[in-house]
């Protein structure tokens with residue numbers, strides 16, 4: 001019974017926070033948002049970053065010891081944030097962490113930068 005109460009309390013807390021669940025966006029829907037005021041977070045390694053990235057992105061590697069602290073210091077929780085990685089697995093994990101950190105609107109680039117490039121979208125080096 002205690003576990004059920006705890007699970008219910010956590011669920012209600014998440015709903016009351018006002019944060020939206022991370023949404024997966026395919027490149028064709030994410031591209032127009034980049035021209036607007038959206039924050040871009042690249043969670044890949046430095047080597048991957050050097051191969052190409054979205055213009056205006058900030059790189060903070062997922063799994064680094066101070067990932068949460070770096071993200072909180074560099075991004076505004078109240079503004080929409082698009083997170084991406086190479087193929088989508090790490091960014092999905094990061095999106096959940098960002099939501100837990102209090103970010104209100106988190107988008108996850110579906111298929112990562114591989115899908116972005118396959119869709120013919122531009123990257124910078």
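Hey, could you check region 102-122 for residues that are assigned to a loop (DSSP other than H, G, I, E, B) and out of contact with any helix residue (DSSP H, G or I) (no Cβ under 6 Å at 6 or more places or on another chain) and say which is farthest from residue 54 (Cα to Cα)? Reasoning before the result, please.
Here is the first cut: in region 102-122, the residues assigned to a loop (DSSP other than H, G, I, E, B) are 102-105, 110-111, 119-122.
Now narrow it down to the ones that are out of contact with any helix residue (DSSP H, G or I) (no Cβ under 6 Å at 6 or more places or on another chain): 102-105, 110-111, 120, 122.
Values: 102: 24, 103: 21, 104: 22, 105: 19, 110: 14, 111: 14, 120: 13, 122: 7 Å.
If we take residues in region 102-122 being assigned to a loop (DSSP other than H, G, I, E, B) and out of contact with any helix residue (DSSP H, G or I) (no Cβ under 6 Å at 6 or more places or on another chain), then 102 is farthest from residue 54 (Cα to Cα).
Find the residue count for region 16-38, including only residues that are at pLDDT 80 or above and part of a helix (DSSP H, G or I). Reasoning before the result, please.
Of region 16-38, the ones at pLDDT 80 or above are 22-34, 36-38.
If we keep only those that are part of a helix (DSSP H, G or I) as well, we get 27-34.
Final tally of qualifying residues: 8.
Considering each residue of region 85-94, count those that are over 9 Å from residue 43 (Cβ atoms) and assigned to a loop (DSSP other than H, G, I, E, B), and give that number. Reasoning before the result, please.
First pass over region 85-94, keeping only residues over 9 Å from residue 43 (Cβ atoms): 86-89, 92.
The next check asks that each one be assigned to a loop (DSSP other than H, G, I, E, B); those that pass are 86-88.
Number satisfying all stated conditions: 3.
Are any of the residues in region 79-91 in contact (Cβ under 8 Å) with a residue 24 or more places away in the chain, touching a helix residue (DSSP H, G or I) at 6+ places or on another chain (Cβ under 6 Å) and surrounded by fewer than 17 Cβ atoms within 10 Å (Cβ to Cβ)?
Looking through region 79-91, at least one residue is in contact (Cβ under 8 Å) with a residue 24 or more places away in the chain, touching a helix residue (DSSP H, G or I) at 6+ places or on another chain (Cβ under 6 Å) and surrounded by fewer than 17 Cβ atoms within 10 Å (Cβ to Cβ).
For region 111-125: of the residues being buried (at least 20 other Cβ atoms within 10 Å of the Cβ) and under 18 Å from residue 58 (Cα atoms), which is farthest from the chain's Cα centre (by Cα)? Can you show your working first?
First, pick out the residues of region 111-125 that are buried (at least 20 other Cβ atoms within 10 Å of the Cβ): 111-113, 116.
Filter again for under 18 Å from residue 58 (Cα atoms), leaving 112-113, 116.
Numbers: 112: 10, 113: 13, 116: 15 Å.
Here the residue is 116.
Can you name the number of the only condition in (1) closer than 30 Å to residue 125 by Cβ; (2) modelled with pLDDT under 95 that residue 52 fails?
Tallying (1) closer than 30 Å to residue 125 by Cβ; (2) modelled with pLDDT under 95, residue 52 fails exactly one: (2).
Among 41, 82, which is closer than 12 Å to residue 105 by Cβ and in a strand (DSSP E or B)?
Working: 41 fails: closer than 12 Å to residue 105 by Cβ.
Criteria check complete, one pass: 82.
Of (1) surrounded by fewer than 16 Cβ atoms within 10 Å (Cβ to Cβ); (2) not in a helix (DSSP H, G or I), residue 69 satisfies all except one. Which?
Among (1) surrounded by fewer than 16 Cβ atoms within 10 Å (Cβ to Cβ); (2) not in a helix (DSSP H, G or I), residue 69 violates only (2).
The values are calculated or read from the model by the stated rules, or taken from the named source; none is laboratory data. All of these numbers come straight from a predicted model, not from anything done at the bench. Cβ: placed from backbone, ideal geometry, glycine included. Neighbour counts: every protein chain shown.
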